[in-house]
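Asks: Quick one: the structure is below, and I'll ask about it shortly.
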Ligand code: NAD
Ligand code: DAU
């Protein structure tokens, strides 16, 4: 892998992955980051990478729906491998407005597959980053394995399921060298504060309401983003072509517990609220998300047994790191919360 195309590299996991790849692994090639810079793409997350790796990092503002621009990038940078993150990723947005989810997650993935097929033998690996939400919802027991049938419940998860099927079909039909990963909920630095953990951290710091959907007893299986990055790189280096790997941290937790932990940590780190009340009192139960999946939990035995991957962070250590990151990266937080970064994108890219 000499010229690795990373799609969606200005987003949460993509930015963490590029940092990880260039700063912490033995990867010696070049990263070409193609990102449309939607509301979720924050160029500031990679400002230090642009400076530190001028020869090994290229940024292209482009829509994966735009096949001609992609084809030009494939040729110009002699792309030989892909790690595909770009997607519309927020379930609530997909419920209100599914259009972009269909375009980016399905058609965008199709464009990348088609161009990869067309360059033939030069394409060494197409790694597709997917989600555990394709499997639907679990009851009180059991785990998602690689054999669990797909049963997506939201427009977001249906669009991701569709892209997974296309990736599989391109392997089976055209022999495209692919690997797929289905991961549980990530948290950590650079996550857009529409997602549960950064939203609650920032609202709790600012004494704002903490909106918990429904009864707050929905369960998610939390994985620190750095562990997701190391899992993806392990698959890209050691995974078997055509295989799918589940990634999770065995960190199942009810939403309400997650929010309580955030409140308790902040009470200790920054002190109680000005009225001396604990931050838990900011929690408010609000109308549930339509079609809200009850429980996700990943069985990651395959990647552990076959590729030797293990998460390094527990939920406690990962959550503390994350809270401290949001507290000490005020400029990134203010930029994102005020929408200032969108003005910067307009100025630079029109
Ligand atoms: P994100 O929303 O933070 O980032 C998505 C990035 O993709 C942004 O930079 C955005 O600008 C870019 N993008 C969107 N549409 C594009 C288009 N048409 N062309 C080019 N770029 C486009 O998402 P994330 O949380 O970093 O998720 C990354 C991937 O990982 C997604 O495929 C998602 O389904 C998957 N995933 C996420 C999680 C999670 O917990 N966040 C868990 C499992 C899998
Ligand atoms: O499981 C992997 C998926 O995790 C990824 O594929 C998605 O891209 C990612 O967004 C995430 O999806 P969720 O819907 O699980 O994440 P979210 O942070 O939106 O919500 C987590 C849980 O918290 C969910 O049960 C809904 C609940 N929630 C969320 C928000 C934003 C609340 O109770 N209140 C909130 O304000």
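The values are calculated or read from the model by the stated rules, or taken from the named source; none is laboratory data. Please read these numbers as outputs of a predicted model, since none were measured by experiment. Note that we place each Cβ from the backbone using ideal geometry, even for glycine, and neighbour counts take in every protein chain shown.
Asks: Got a number for residues in the range 314-326 being in a loop (DSSP other than H, G, I, E, B) and touching a helix residue (DSSP H, G or I) at 6+ places or on another chain (Cβ under 6 Å)?
Replies: Summing the residues that are in a loop (DSSP other than H, G, I, E, B) and touching a helix residue (DSSP H, G or I) at 6+ places or on another chain (Cβ under 6 Å) in the range 314-326 gives 0.
Asks: Still on this structure: Which residues, taken from the range 96-107, are within 16 Å of ligand 2 (Cβ to nearest atom) and either outside any helix (DSSP H, G or I) or surrounded by fewer than 15 Cβ atoms within 10 Å (Cβ to Cβ) (or both)?
Replies: Matches in the range 96-107: 96, 97, 98.
Asks: Let me ask you something else. Which condition number does residue 86 fail, the rest of (1) surrounded by fewer than 20 Cβ atoms within 10 Å (Cβ to Cβ); (2) within 26 Å of residue 155 (Cα to Cα); (3) touching a helix residue (DSSP H, G or I) at 6+ places or on another chain (Cβ under 7 Å) being met?
Replies: Every condition holds for residue 86 apart from (1).
Asks: Starting from residues that are touching a helix residue (DSSP H, G or I) at 6+ places or on another chain (Cβ under 7 Å) and part of a loop (DSSP other than H, G, I, E, B), keep the ones in the range 222-247 and report whichever is surrounded by the fewest Cβ atoms within 10 Å (Cβ to Cβ).
Replies: The extreme case among them is 242.
Asks: Looking for something closer than 15 Å to residue 255 by Cβ and in contact with a strand residue (DSSP E or B) (Cβ under 9 Å, 6 or more places away or on another chain) - is there at least one such residue anywhere in the range 170-183?
Replies: No - not one qualifying residue is present in the range 170-183.
Asks: Something else now. Taking residue 284 and the conditions (1) surrounded by fewer than 16 Cβ atoms within 10 Å (Cβ to Cβ); (2) under 20 Å from the mean Cα position of the chain (by Cα), which numbered condition does it fall short on, given that it satisfies the others?
Replies: Every listed condition holds for residue 284 apart from (2).
Asks: Pull up the range 19-35, narrow it to residues that are touching a strand residue (DSSP E or B) at 6+ places or on another chain (Cβ under 6 Å) and under 18 Å from residue 51 (Cβ atoms), then point me to the one that is farthest from ligand 1 (Cβ to nearest atom).
Replies: My answer is 30.
Asks: Could you list, in sequence order, all residues of the range 71-81 that are more than 18 Å from residue 1 (Cβ to Cβ) and touching a helix residue (DSSP H, G or I) at 6+ places or on another chain (Cβ under 7 Å)?
Replies: Across the range 71-81, the qualifying residue is only 71.
Asks: In the range 201-220, which residues are within 20 Å of residue 296 (Cα to Cα) and more than 10 Å from ligand 1 (Cβ to nearest atom)?
Replies: The answer is 212, 213, 214, 215, 216, 217, 218, 219.
Asks: For the range 1-87, which fully contained strands (runs of 3 or more DSSP E) count at least 3 residues that are closer than 29 Å to residue 194 by Cβ and away from ligand 2 (no atom under 16 Å from the Cβ)?
Replies: Qualifying strands (runs of 3 or more DSSP E): 3-7, 30-35, 57-61.
Asks: Something else: Determine the pairs where a residue that is within 15 Å of residue 266 (Cβ to Cβ), located within the range 321-342, has a partner that is surrounded by 13 or more Cβ atoms within 10 Å (Cβ to Cβ) with Cβ atoms under 6 Å apart, the partner being 6 or more residues away or on another chain.
Replies: 322/187; 322/188; 323/201; 323/265; 325/189; 326/201
Asks: Take residue 289 and tell me if it is surrounded by fewer than 16 Cβ atoms within 10 Å (Cβ to Cβ) and at pLDDT 95 or above.
Replies: Against the criterion (surrounded by fewer than 16 Cβ atoms within 10 Å (Cβ to Cβ) and at pLDDT 95 or above), residue 289 qualifies.
Asks: Only one of these is at pLDDT 95 or above, over 23 Å from residue 206 (Cα atoms) and in a helix (DSSP H, G or I): 305, 267. Name it.
Replies: Checking each option against the conditions leaves just 305.
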